[in-house]
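Working notes, beginning with the structure itself.
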Amino acid sequence: MKMNLTELDALISEVIVGANGEDKQLWAFRQAFEDALALPADGFVMGEPIAVIAFDDDGNERRGLTARCRREDGSEHVVGAVEVAFPANTNLSRYLAAYCKWMGLDPYPAGSGASTRCNRRYEGKTGDLDLTSPIELVVSSVKEKAAPIAGKRARRHAARASILEACAG
């Protein structure tokens, strides 16, 4: 069962208690993930089954927390923590929903559950991307009715919202 917004606010308050400033609050979420959750943990990124082996903060304000993920073939990759989907009703999914809400993102975006993502698997092929030259990204839309968020989180939220909408479109 999903936590309601009041329960998410309570979890956020529990995580960031005593953490003054956004940088320390971000670190508090990282620490909460590590303290309360058993790693490695199974999840999905873009429908691909992965195991999250660590959470970290690489200092990139737009990206926020990162998740080091191991694919079934043993390769490891680092993605934004908000890009990972965990099975519903787990500590991981609750903490991630609280973190997304704190970041100003939808804590339960449509199609974000692990059960729905695993049906949309795409197998990349050699030659899909030409990495010898710059890759252009196109933003297809920008939300004008986003809730105001102060400071660094506002910039992170605006950039992430544009990227997520572009990827979803």
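The values are calculated or read from the model by the stated rules, or taken from the named source; none is laboratory data. Everything numeric in this text was worked out from a predicted model, so none of it was measured. Here Cβ is always computed from backbone atoms with ideal geometry, including for glycine, and neighbour counts include all displayed protein chains.
State which residue pairs qualify: first residue without any contact (Cβ under 8 Å) to a residue 24 or more places away in the chain and assigned to a loop (DSSP other than H, G, I, E, B) and inside region 1-30, second residue surrounded by 14 or more Cβ atoms within 10 Å (Cβ to Cβ) and of a type in the set (S, T, N, Q) in any location, beta carbons under 9 Å apart, and separation of 6 or more residues or different chains.
Pairs found: Ala19/Gln25.
Return a yes/no flag: does region 19-26 have any residue that is within 21 Å of Pro109 (Cα to Cα) and acidic (Asp, Glu).
no
Give just the number: which of (1) of a type in the set (D, E, K, R); (2) over 15 Å from the mean Cα position of the chain (by Cα); (3) buried (at least 18 other Cβ atoms within 10 Å of the Cβ) does Lys101 not satisfy?
(2)
Quick one: is Ile16 farther than 21 Å from Ala85 by Cβ and either crowded, with 18+ Cβ neighbours inside 10 Å or in contact with a strand residue (DSSP E or B) (Cβ under 7 Å, 6 or more places away or on another chain) (or both)?
So Ile16 fits the description; yes.
In region 44-60, which residues are within 23 Å of Ser13 (Cβ to Cβ) and either at pLDDT 90 or above or basic (Lys, Arg) (or both)?
Within region 44-60, Phe55 is the sole residue that qualifies.
For region 41-66, what are the residues that are over 12 Å from the mean Cα position of the chain (by Cα) and surrounded by fewer than 14 Cβ atoms within 10 Å (Cβ to Cβ)?
Correct list: Asp42, Ile53, Asp58, Gly59, Asn60.
Kindly establish whether Cys69 is surrounded by 15 or more Cβ atoms within 10 Å (Cβ to Cβ), out of contact with any His (no Cβ under 7 Å at 6 or more places or on another chain) and without any contact (Cβ under 8 Å) to a residue 60 or more places away in the chain.
no
In region 61-75, is there at least one residue being outside any loop (DSSP other than H, G, I, E, B), closer than 22 Å to Leu8 by Cβ and out of contact with any Leu (no Cβ under 9 Å at 6 or more places or on another chain)?
Within region 61-75, one or more residues are outside any loop (DSSP other than H, G, I, E, B), closer than 22 Å to Leu8 by Cβ and out of contact with any Leu (no Cβ under 9 Å at 6 or more places or on another chain).
Might you let me know whether region 121-129 holds any residue that is within 12 Å of the chain's Cα centre (by Cα), at pLDDT below 60 and assigned to a loop (DSSP other than H, G, I, E, B)?
no
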